[in-house]
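The values are calculated or read from the model by the stated rules, or taken from the named source; none is laboratory data. These numbers come from a predicted model, not from an experiment. Backbone-built Cβ (ideal geometry, glycine too); neighbour counts: all protein chains shown. Each accessible area value is taken on the protein alone, full model and side chains, heavy atoms only, with ligands, DNA and RNA left out. Shrake-Rupley method; radii C 1.70, N 1.55, O 1.52, S 1.80 Å.
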2 protein chains.
Amino acid sequence: MTSYDTKDLYKLNRRGLMFILSSPSGAGKTTISRALVKNNQNLSVSISATTRPRRAGEVSGKDYHFIDIGKFDELVRTGDMLEHAEVFGNHYGTPRKPVEDALINGQDIIFDIDWQGTQQLRQVARDDLVTVFILPPSGAELEKRLRSRAKDTRETEEQIRGRMSKAADEISHYDAYDYILINDDIDKSIERAQMILDAERQKRQRMTGLPEFVKHLRKSL
Amino acid sequence: MTSYDTKDLYKLNRRGLMFILSSPSGAGKTTISRALVKNNQNLSVSISATTRPRRAGEVSGKDYHFIDIGKFDELVRTGDMLEHAEVFGNHYGTPRKPVEDALINGQDIIFDIDWQGTQQLRQVARDDLVTVFILPPSGAELEKRLRSRAKDTRETEEQIRGRMSKAADEISHYDAYDYILINDDIDKSIERAQMILDAERQKRQRMTGLPEFVKHLRKSL
């Protein structure tokens, strides 16, 4: 893992960032996302709101915010949903308020989201976004990973073919992202993602405490 | 030092970048710059052209490109000087050609340059620039470093005061830079600068080999 720790960044009030990871299914997005959350105290996963019924074992406010369609539509109408989509008749979205609260408090939020969700976020949260697209090193490698996973989930050959074809579509949107990670090695990819996160935390525009810091510094010269 | 090595980035043809370090005198710019060059095979220092006479021990093409004023003016006139300035009657500048050759070959170049030079570079090389401003943690700390250095160089009290006053001016330009490093610890600052360099190397826009890579990848799906 990384030798430097995020504690090694200079402590100054800063605005959090929205760290977006997109990739085709099987490219490693979820593994990288989980590792980053584990390694960074200051980073948490965005919790979506959904109209889909709660399943056994799911906790409201942890897995999802479970809300009804009336509430969901209201949030969309008032501009309080950063992005939203309908999947198989259920609605999913990202409520604005918890994200905005986190950013103001210098907390970073990670989004494991597809190109369509990213497009919506770009329209409403431009300066807070850091977008990373993860690519598999080759089609053969992606197929290997999908087949390996299919053994556990008992997917059919047709479902695997469907995922491969969907991957080609997803990948076509790589050119709207800030950074590209080619995931040839999962540990290296986690490290590379961490570098991006730490570098972005040092962007001037995010350091809200900087004007005050510089004012004092110049006075003391 | 950093545990990850730049070899750990995925190898794909990319355009080099211009890594700009600015700071007031005494804030650590030169130390950080030298450490980065030492730790990164792919990173070299920009060599300026100058009309000042060569001093004993200086090597043309290594310390400076020594050229006459006629040649210097011609390079400025033809737009082949990325930035230039006159200091005590001597002219200094950055010739465009070697920089452009390096960038095309995926070599990164580091510039240890003030805010005025950075302003000029911004006008002609926007997408290739990564700008980093280094701040001292406090006025007292900067003064301590300047006084410690003054012992070696036998600077007068007046010269030290002059550097402090100039530092206040230089610092006022922090807000035009992409990243801010507050140098409270030189080893950490080198590490933080390395993170920024490695993250920027993973920017999509610099990966010139990416469209071809993605074309093959999508074909193989």
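Laid out as a table, the results:
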item	result
Verdict on A:L217 being outside any helix (DSSP H, G or I), within 10 Å of chain B (Cβ to nearest Cβ) and open to solvent by less than 60 Å² (accessible area, probe 1.4 Å)	no
Evaluation of B:G79 against (1) out of contact with any Lys or Arg (no Cβ under 7 Å at 6 or more places or on another chain); (2) closer than 30 Å to B:E155 by Cα; (3) among the small types (G, A, S) (one fails), failing number	(2)
Long-range neighbours under 7 Å by Cβ, at least six apart or interchain, first residue more than 7 Å from chain A (Cβ to nearest Cβ) and over 19 Å from A:Q194 (Cα atoms) within the range B:175-196, second assigned to a loop (DSSP other than H, G, I, E, B) and open to solvent by 10 Å² or more (accessible area, probe 1.4 Å)	B:N183/B:G28; B:N183/B:P137; B:I186/B:G28
Residue match in the range A:49-62 (condition: touching a residue at least 60 places away in the same chain (Cβ under 8 Å), out of contact with any strand residue (DSSP E or B) (no Cβ under 9 Å at 6 or more places or on another chain) and of a type in the set (A, V, I, L, M))	no
Residue under evaluation B:D187, criteria (1) farther than 20 Å from B:R15 by Cβ; (2) not aromatic (F, W, Y); (3) not in a helix (DSSP H, G or I), criterion not met	(3)
Total residues in the range A:116-134, condition touching an Asp or Glu at 6+ places or on another chain (Cβ under 6 Å) and either more than 14 Å from chain B (Cβ to nearest Cβ) or open to solvent by 60 Å² or more (accessible area, probe 1.4 Å) (or both)	3
Extreme residue, modelled with the lowest pLDDT, among residues of the range B:18-33 that are under 14 Å from B:L135 (Cβ atoms) and in a helix (DSSP H, G or I)	B:K29
B:I113 vs. criteria touching a strand residue (DSSP E or B) at 6+ places or on another chain (Cβ under 8 Å) and either modelled with pLDDT under 95 or surrounded by fewer than 17 Cβ atoms within 10 Å (Cβ to Cβ) (or both)	yes
Among residues of the range A:104-155, those that are touching a residue at least 60 places away in the same chain (Cβ under 8 Å) and closer than 22 Å to A:M207 by Cα, counted	16
Failed criterion for B:H84 (all others in (1) more than 14 Å from chain A (Cβ to nearest Cβ); (2) touching a Lys or Arg at 6+ places or on another chain (Cβ under 9 Å) hold)	(2)
Any hit, the range A:135-148, residues being more than 14 Å from every other protein chain (Cβ to nearest Cβ) and either more than 15 Å from the chain's Cα centre (by Cα) or open to solvent by 50 Å² or more (accessible area, probe 1.4 Å) (or both)	yes
Lone qualifier among A:Q202, A:Q159 - being on the phi < 0 side of the Ramachandran plot, polar (S, T, N, Q) and facing chain B (nearest Cβ under 8 Å)	A:Q202
Test for B:D169: is it closer than 21 Å to B:I113 by Cβ and either in contact with a strand residue (DSSP E or B) (Cβ under 6 Å, 6 or more places away or on another chain) or buried (at least 21 other Cβ atoms within 10 Å of the Cβ) (or both)	no
Breaking point among (1) more than 10 Å from chain A (Cβ to nearest Cβ); (2) more than 30 Å from A:G26 (Cβ to Cβ), for B:E212	(2)
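Yes/no matrix, rows are residues, columns are (1) surrounded by 14 or more Cβ atoms within 10 Å (Cβ to Cβ); (2) under 15 Å from the mean Cα position of the chain (by Cα); (3) within 14 Å of another protein chain (Cβ to nearest Cβ):
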{"residue": "A:R15", "(1), (2), (3)": "yes, no, yes"}
{"residue": "A:L21", "(1), (2), (3)": "yes, yes, yes"}
{"residue": "A:T31", "(1), (2), (3)": "yes, yes, no"}
{"residue": "A:N42", "(1), (2), (3)": "yes, yes, no"}
{"residue": "A:V45", "(1), (2), (3)": "yes, yes, no"}
{"residue": "A:R52", "(1), (2), (3)": "yes, no, no"}
{"residue": "A:S60", "(1), (2), (3)": "no, no, no"}
{"residue": "A:G79", "(1), (2), (3)": "no, no, no"}
